[in-house]
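Asker: Please see the structure below; I have some questions.
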Amino acid sequence: WNLLGSAYYTKGEFALSAEAYGKAAEIKPGDGDVQKNLGLALAELGETEKSEAALKKSFALDGNADTAFFLGKLCYNAGRYEEALSYLKRAPDAPEVIEATAQCFYQLDMLDALRTLTETTAFARLPAETRELIVRSLAEG
């Protein structure tokens, strides 16, 4: 079922994907990867609460860094910036994680933390346009 869910997901058939992942989750409820896949498919369908539940279950099962990033994005989009940061700090050191972290710092008015972030090598890997926007936001305070 997990493989079928992946095939549907790749084709953009998210409802069928979620259905297949749901069946896989029934068979293997303790498989973090299956729960993560289910959560991502549900997110594509706009089923935020169900997506969050599946992703949180996945993260509790295996602590996967990619799942932490997806949870961080989900929490950010819901305006739960502190919770988003709690997941993003466990996510991979990738540009999209650094950008999401910077956005959370800004929303929480954690400007000192944002300034510190701008001095890291990870920040330097962001696209120039993104770096400039963040630095400009800091200057405007």
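The values are calculated or read from the model by the stated rules, or taken from the named source; none is laboratory data. This structure is a prediction, so every number in the text was calculated from the model and none was measured. Note that each Cβ is placed from the backbone with ideal geometry, even for glycine, and that neighbours are counted across all protein chains shown. These area figures cover heavy atoms from the full protein model, side chains too; ligands, DNA and RNA do not enter into them. Shrake-Rupley method; radii C 1.70, N 1.55, O 1.52, S 1.80 Å.
Asker: Residue check, Pro95 against (1) closer than 26 Å to Lys56 by Cβ; (2) open to solvent by 90 Å² or more (accessible area, probe 1.4 Å); (3) touching a residue at least 24 places away in the same chain (Cβ under 8 Å), all met but one. Which one?
Answerer: (2)
Asker: Among (1) open to solvent by 20 Å² or more (accessible area, probe 1.4 Å); (2) within 25 Å of Leu138 (Cβ to Cβ); (3) in a helix (DSSP H, G or I), where does Ala100 come up short?
Answerer: For Ala100, the failing item is (1).
Asker: Looking at (1) buried (at least 16 other Cβ atoms within 10 Å of the Cβ); (2) over 26 Å from Lys11 (Cα atoms), find the lone condition where Ala124 falls short.
Answerer: (1)
Asker: Any chance the stretch 44-63 includes a residue that's part of a loop (DSSP other than H, G, I, E, B), open to solvent by 50 Å² or more (accessible area, probe 1.4 Å), of a type in the set (A, V, I, L, M, F, W, C) and modelled with pLDDT of 95 or more?
Answerer: yes
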